[in-house]
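**Student:** Please see the structure below; I have some questions.
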Amino acid sequence: MAIPKSVANGLISGVVGEISHAGPIRAVSAILSSADEKLNIFGRAYTYKDDSVESVQVGGKGAFAGIMINPKAYRIEEEFARNGTQGEFLTMGEVFVELKEVAGKINAPVVF
């Protein structure tokens, strides 16, 4: 992965997927198993893929697994994390995420 040379428009502070405020957090570990691994992006919501409570997928209709966090802890060669790798998923806390312009305003709460 090359060193970034530009800043994402619309993101005023922080890195997507990083914890934004000090305070209590709750996170779980799980294995990535999305239909399209190119969608395994930090700061996105994930659900459990099945009842094994071990594999997760981006989006989906299963039980909420959390928002993928801590991008600086991973060594990834692409813009996404590969299927079969372990990720950390925040279930309680405040994290930087990227929203579409029409989705809301800065500091708006996100509920999945």
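Rule-based calculations on the coordinates, nothing more; no lab input. The structure presented is a predicted model; accordingly, all values stated were derived computationally and were not measured. Cβ sites come from the backbone with ideal geometry, for glycine too, and all protein chains shown count toward neighbours.
**Student:** What shape does the range 26-96 have by the C-alpha gyration tensor, where a ≥ b ≥ c are the square roots of the eigenvalues, rounded means a/c under 1.5, and otherwise prolate means a/b greater than b/c and oblate the rest? Walk me through the intermediate numbers first.
**Tutor:** Details: a/c = 1.62, a/b = 1.11, b/c = 1.45.
Verdict is oblate for the range 26-96.
**Student:** Within a Cβ distance under 13 Å of Tyr74, other residues only, what is the Lys/Arg minus Asp/Glu net charge?
**Tutor:** Values: positive: Lys72, Arg75, Arg82; negative: Glu18, Glu77, Glu78, Glu79, Glu88.
Overall, the nearby charge balance is -2.
**Student:** If I build a Gaussian network model for the chain, linking alpha-carbon pairs within less than 10 angstrom, which residue out of Ser34, Ser20, Ser52 has the largest mean-square fluctuation?
**Tutor:** Ser52
**Student:** In addition: Under a plain spin-label model, where a point goes 7 Å from the Cα along Cα-to-Cβ, how far apart in nm are Phe64 and Glu18?
**Tutor:** About 2.4 nm, to one decimal.
**Student:** In addition: With a cut-off of 18 Å, note down the residues of the range 16-42 whose backbone N falls inside the zone around a label point 7 Å from the Cα of Ile76 toward its beta carbon.
**Tutor:** It comes to 16-20, 28-42, nothing else.
**Student:** Ranking Met92, Met68 by Cβ neighbours within 10 Å, fewest first, what do you get?
**Tutor:** Details: Met92 10, Met68 28.
Starting with the residue having the fewest Cβ neighbours, the order is Met92, Met68.
**Student:** Follow-up question, since we're still on this one. Arranged from highest to lowest average of other beta-carbon atoms within 10 Å per residue, in what order do the peptides 73-80, 39-46 appear? Please list the in-between numbers first.
**Tutor:** Details: 73-80: 11.0, 39-46: 20.5.
So the order, starting with the most tightly packed, is 39-46, 73-80.
**Student:** While we're here: List the residues whose amide H sits under 5 Å from the amide H of Gly66, counting only those 5 or more places along or on another chain, with H placed 1.01 Å from N in the peptide plane.
**Tutor:** Amide H neighbours of Gly66: Tyr46.
**Student:** Between Ser13, Ser33, Ser55, which gets the highest mean-square fluctuation from a Gaussian network model of the chain, Cα cutoff 10 Å?
**Tutor:** Looking only at Ser13, Ser33, Ser55, the largest GNM fluctuation is found for Ser13.
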